[in-house]
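S.K.: I have a structure here, written as structure tokens, and I will follow up with some questions on it.
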Amino acid sequence: MIFLKKYRKYATFARSYIKGSIRDTAGFVRIIPTDRCNLKCQYCWQRRDDSYEMKWNEFLDYLEKAEQLGVGLITFLGGEPMLWGRIYDAIAACTERHILTDMTTNGTLLNRETILKLSKSGLDYLNISTDGLKISSISKKNKLVRNDLIGDLASAKKKYGMHTRLNAVIYNDNFDEIKSLMEFSKNNDIQLSIGYVIPPINVGEPADSEIYFSLDDRERLQEIIADIVSKKRAGYPIIDPEAYFKNIFLFMHREVFWNCNYPTRYGWINIAPNGKIRSCTKKMDELDIAFLDLNSADIKALRSKMKRNLANCNVDCYSNCAYDSAYYVKNKLQMVAKIFKRFRMPNINSRSH
């Protein structure tokens with residue numbers, strides 16, 4: 001039964017989380033099967049036109065290695081992971097091994113058929129990147145209101161236990177859409193993560209004023225912050241802490257006030273399409289280390305190396321997912337509440353198979 005399969009996955013996750021808290025493991029692994037994307041959002045640098053993608057036998061090798069290193073959760077990222085032809089097979093292979101799965105997509109390839117295939121493969125958490133309910137010249141991500149997409153997602157949650165979360169970014173000209181998205185998430189009881197758009201790291205290009213905020217936008221930013229915080233306090237399902245939104249001015253003044261904990265966050269390891277380890281999915285870098293060559297003793301050294309590599313970019317990055325992780329590690333009671341909401345056991349019809 002689906003309930004039993006979910007229970008075994010959560011048990012695997014719990015063991016991995018505990019082990020990762022006390023010793024060096026690769027408990028949480030991000031697999032990037034392709035860097036290609038079918039969109040070119042103007043603010044995005046997390047893609048490449050490189051046609052190379054992970055081969056199926058390579059993925060199986062990485063999955064076996066991840067199991068040996070104590071994996072509890074595998075996340076599929078891109079590029080756009082739904083462009084990879086074996087994505088459903090890969091999720092199913094993780095499910096067979098009682099491993100929780102999570103995938104982030106731009107949503108353009110979601111429809112009734114693909115949602116059913118994802119949920120039947122055993123996907124546990126689907127993250128949809130969307131900057132509003134409409135497409136724009138800046139971002140052509142998914143229109144969530146098309147073809148009863150939300151109804152299909154709700155059905156997948158009820159029957160198969162596949163949860164959905166929305167990921168959105170605020171740029172200079174889209175906050176009206178973000179406000180609509182906040183209402184949409186509340187009305188449909190879907191968690192929402194909101195981050196500021198940040199210029200590409202270490203690129204040196206001038207920021208586009210139509211996309212990126214500057215200190216000249218202080219008054220507008222204060223209005224945006226007040227709106228988000230009031231919605232969050234009113235019970236809207238916004239998962240990011242208030243501090244993330246309020247501290248944007250510290251970031252814009254290039255103050256050092258938070259530390260990215262990607263290198264040490266319970267064994268997160270990013271595997272690029274070619275099998276090399278990527279220290280940060282934002283930087284799109286690759287270390288001269290192959291995932292298949294790792295052993296438990298290497299992971300401690302790898303964390304140290306990643307920490308050194310990330311130290312120089314901290315003032316250039318204000319990724320909400322990185323900030324949130326660092327914040328909740330320091331604010332453990334809030335972290336426990338967040339984990340409970342995110343990884344709560346789904347209410348699944350026990351008659352489903």
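The values are calculated or read from the model by the stated rules, or taken from the named source; none is laboratory data. These numbers were taken from a predicted model, which means no experiment stands behind them. Counting neighbours? That spans all protein chains shown, and the Cβs are built from the backbone with ideal geometry, glycine included. Calculation scope for accessible area: heavy atoms of the full protein, side chains included, ligands and nucleic acids excluded. Shrake-Rupley method; radii C 1.70, N 1.55, O 1.52, S 1.80 Å.
S.K.: Share of the chain's accessible area from carbon and sulfur, percent, 1.4 Å?
M.R.: It is 50 percent, rounded to a whole number.
S.K.: For the chain, what relative contact order do you get, as a whole percent, if you take Cα pairs closer than 8 Å and at least 6 residues apart?
M.R.: 21 percent
S.K.: Ok, one more. Given the -39500 (n - 2.57) contribution per DSSP H run of 4+ residues, what per-residue ellipticity at 222 nm results for the chain, rounded to the nearest 500 deg cm²/dmol?
M.R.: -12500 deg cm²/dmol
S.K.: Among all cysteines in the chain, which have no other cysteine Cβ under 4.7 Å from their own Cβ?
M.R.: Cys37, Cys94, Cys260, Cys280, Cys313, Cys317, Cys321
S.K.: Also: For the full complex of protein chains and a 1.4 angstrom probe, list Met162, Met82 by accessible area with the highest value first.
M.R.: Met82, Met162
S.K.: With +1 assigned to the C-beta of every Lys and Arg and -1 to the C-beta of every Asp and Glu, and no other charges, what is the dipole magnitude of the chain about the Cα centre in debye, to the nearest 20?
M.R.: 1580 debye
S.K.: If you don't mind, there's one more thing I want to ask. To the nearest 20 Debye, how big is the dipole of region 87-228 about its Cα centre, given +1 on the beta carbon of each Lys and Arg and -1 on that of each Asp and Glu?
M.R.: Roughly 840 debye for region 87-228.
S.K.: What is the distance, in nm, between label points placed 7 Å from the Cα along the Cα-to-Cβ direction at Gln68 and at Asp189?
M.R.: Placing both labels 7 Å beyond Cα along the Cβ direction yields 4.4 nm.
S.K.: Then there is this: Which of rounded, prolate or oblate describes the chain when judged by the alpha-carbon gyration tensor and an a/c cut-off of 1.5?
M.R.: Since a/c stays below 1.5, the shape of the chain is classed as rounded.
S.K.: Additional query: Can you say what percent of the DSSP beta bridges in region 1-111, counting only those with both residues inside, are antiparallel? Round to 5.
M.R.: DSSP beta bridges in region 1-111 are roughly 10 percent antiparallel.
S.K.: Output the antiparallel fraction of DSSP beta bridges having both residues in the chain, as a percent to the nearest 5.
M.R.: 15 percent
S.K.: Which value in nm describes the separation of the simple spin-label points at Lys158 and Glu219, placed 7 Å from the Cα toward the beta carbon?
M.R.: So the two model labels end up 4.9 nm from each other.
S.K.: Which FRET efficiency, nearest 0.05, do Trp56 and Asp173 yield, Cβ-Cβ r, R0 51 Å?
M.R.: E between Trp56 and Asp173, to the nearest 0.05, is 0.75.
S.K.: For the cross-link pairs Lys5/Lys134; Lys134/Lys186; Lys158/Lys231; Lys65/Lys158; Lys9/Lys158; Lys117/Lys143, which exceed 29 Å when the distance is taken from alpha carbon to alpha carbon?
M.R.: Lys5/Lys134; Lys65/Lys158
S.K.: Arg36's amide H: which non-local residues (gap 5+, or another chain) put their own amide H closer than 5 Å, with H modeled 1.01 Å from N in plane and none for Pro or chain starts?
M.R.: Arg48, Glu80
S.K.: Defining a contact as two alpha carbons under 8 Å apart and six or more residues distant in sequence, what relative contact order in percent does region 85-202 show?
M.R.: Across region 85-202, relative contact order equals 23 percent.
S.K.: Taking each pair of different alpha-carbon atoms in region 1-129 once, compute 1/r for the pair, average those values, and report the inverse of that mean as the Kirkwood hydrodynamic radius in Å to one decimal.
M.R.: Result for region 1-129 stands at 15.2 Å.
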